[in-house]
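A.B. asks: I'd like to ask some things about the structure below.
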């Protein structure tokens with residue numbers, strides 16, 4: 001082969017590689033336009049406030065706006081499912097992943113499959129849950145709550161964000177373990193639940209730390225928390241475990257998108273949101289909300305999701321909430 005023919009071959013090879021190189025550079029430019037982040041809880045709630053802080057950090061890192069959109073309903077699954085069903089897997093529509101996504105299919109007929117319809121990117125945080133009553137409630141302690149429930153089976157009411165939520169399932173576990181019966185009143189989200197509590201429409205609220213301002217201002221009383229240990233802000237409030245109820249619930253919350261996302265885009269999103277959990281401003285917001293970072297990378301998170309789906313099935317069957325047929 002002559003030097004001239006060798007040179008021509010190299011030129012041809014380089015020209016064929018140019019489109020591939022251009023495509024790689026184009027993919028590496030993500031994101032090139034604003035990103036939509038669908039949050040499954042109402043504006044102003046703890047989960048919403050946390051994600052807005054992370055979205056603000058992510059906007060700076062991406063060099064593109066990350067706009068939060070609240071889509072509430074179906075026990076927290078309306079937003080994620082709408083993303084899975086209607087959005088392209090291009091990384092420009094992301095969603096918060098609540099654990100209720102893994103549970104609802106065992107409770108009722110749904111139009112999604114948590115095992116196949118989503119790309120799970122990373123877990124981000126965990127909640128501090130608890131039970132609160134009005135400050136003027138005759139119920140002064142968790143034990144008094146149990147006593148009152150035994151005296152009036154099915155009469156005492158409690159609010160949660162809906163069937164299948166961590167709040168609802170944990171209250172069912174408490175009821176089953178303690179041998180009591182409570183009346184569940186589903187609501188759209190924390191703001192509605194707290195308004196109902198103050199208005200005397202429900203006896204108690206089972207929720208994440210959205211109740212904090214009411215407790216701090218003396219309008220509500222925190223009876224217990226559901227964490228493994230007493231949160232530093234509520235060192236004088238017992239956990240369920242300390243009260244003899246062997247339940248720990250903190251509702252790990254992650255981020256994901258539609259199935260089929262490009263692994264390179266997944267890696268970039270994971271990298272940015274992992275960095276957000278180290279940002280002092282984000283950590284301050286989490287601390288104020290009594291939420292804790294609980295990071296899982298993509299591999300660990302996918303393993304957790306698979307295990308949680310199995311656990312959810314067993315839990316729902318155990319508390320008698322499994323769908324029939």
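A.B. asks: Could you tell me how many of the residues in region 52-76 are touching a helix residue (DSSP H, G or I) at 6+ places or on another chain (Cβ under 6 Å), within 20 Å of residue 127 (Cβ to Cβ) and free of Cβ contacts under 8 Å to residues at least 40 places away in the same chain? Show your work before the answer.
C.D. replies: Taking region 52-76 first, the residues touching a helix residue (DSSP H, G or I) at 6+ places or on another chain (Cβ under 6 Å) are 53-54, 57-58, 61, 65-66, 68, 71, 75-76.
Going one step further and asking which of them are within 20 Å of residue 127 (Cβ to Cβ), we end up with 53-54, 57, 68, 71, 75-76.
In the following step, the residues that additionally are free of Cβ contacts under 8 Å to residues at least 40 places away in the same chain were identified as 68, 71.
Qualifying residue count for the region: 2.
A.B. asks: So in region 163-178, with the set limited to residues that are modelled with pLDDT of 95 or more and out of contact with any strand residue (DSSP E or B) (no Cβ under 9 Å at 6 or more places or on another chain), which one is farthest from residue 249 (Cα to Cα)?
C.D. replies: Going through the qualifying residues, I end up with 178.
A.B. asks: Inside region 58-174, counting only helices (runs of 4 or more DSSP H) that do not spill past its ends, which hold 3 or more residues that are outside the structural domain of residue 217 (by TED's automatic domain parsing) and buried (at least 23 other Cβ atoms within 10 Å of the Cβ)?
C.D. replies: 78-86, 100-107
A.B. asks: Report whether or not residue 243 is touching a strand residue (DSSP E or B) at 6+ places or on another chain (Cβ under 9 Å), closer than 22 Å to residue 169 by Cα and modelled with pLDDT of 95 or more.
C.D. replies: When the stated conditions are applied, residue 243 passes them.
A.B. asks: Regarding residue 210, is this residue closer than 21 Å to residue 180 by Cβ, crowded, with 16+ Cβ neighbours inside 10 Å and under 22 Å from the mean Cα position of the chain (by Cα)? Don't jump to the end; show me each part of the working.
C.D. replies: Working: closer than 21 Å to residue 180 by Cβ: no; crowded, with 16+ Cβ neighbours inside 10 Å: yes; under 22 Å from the mean Cα position of the chain (by Cα): yes.
When the stated conditions are applied, residue 210 does not pass them.
A.B. asks: Could you pull out the residue among 228, 249 that is closer than 26 Å to residue 154 by Cα and either part of a loop (DSSP other than H, G, I, E, B) or touching a residue at least 12 places away in the same chain (Cβ under 8 Å) (or both)?
C.D. replies: 249
A.B. asks: Could you figure out which of (1) assigned to a helix (DSSP H, G or I); (2) at pLDDT 95 or above; (3) farther than 17 Å from residue 57 by Cα; (4) under 17 Å from the mean Cα position of the chain (by Cα) isn't true of residue 299?
C.D. replies: (4)
A.B. asks: Among the candidates 266, 215, which residue alone is farther than 30 Å from residue 151 by Cα, assigned to a helix (DSSP H, G or I) and either in contact with a strand residue (DSSP E or B) (Cβ under 9 Å, 6 or more places away or on another chain) or touching a residue at least 60 places away in the same chain (Cβ under 8 Å) (or both)?
C.D. replies: 266
Yes/no matrix, rows are residues, columns are (1) surrounded by fewer than 16 Cβ atoms within 10 Å (Cβ to Cβ); (2) assigned to a helix (DSSP H, G or I):
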residue	(1), (2)
261	no, no
272	no, yes
295	no, no
306	yes, yes
309	no, yes
314	yes, yes
317	yes, yes
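A.B. asks: OK, next. If you check residue 291 against the conditions, is it farther than 23 Å from residue 87 by Cα and surrounded by 19 or more Cβ atoms within 10 Å (Cβ to Cβ)? Working first, answer last.
C.D. replies: Details: farther than 23 Å from residue 87 by Cα: yes; surrounded by 19 or more Cβ atoms within 10 Å (Cβ to Cβ): yes.
It is true that residue 291 is farther than 23 Å from residue 87 by Cα and surrounded by 19 or more Cβ atoms within 10 Å (Cβ to Cβ).
A.B. asks: So for region 179-196 (the condition being touching a strand residue (DSSP E or B) at 6+ places or on another chain (Cβ under 7 Å), at pLDDT 95 or above and farther than 27 Å from residue 110 by Cα), does at least one residue qualify?
C.D. replies: Yes, there is a match, as at least one residue in region 179-196 is touching a strand residue (DSSP E or B) at 6+ places or on another chain (Cβ under 7 Å), at pLDDT 95 or above and farther than 27 Å from residue 110 by Cα.
The values are calculated or read from the model by the stated rules, or taken from the named source; none is laboratory data. Here the structure is a predicted model, which means the values were calculated and not measured. When we count neighbours, we look across all protein chains shown, and the Cβ atoms used for this are built from the backbone with ideal geometry, even at glycine.
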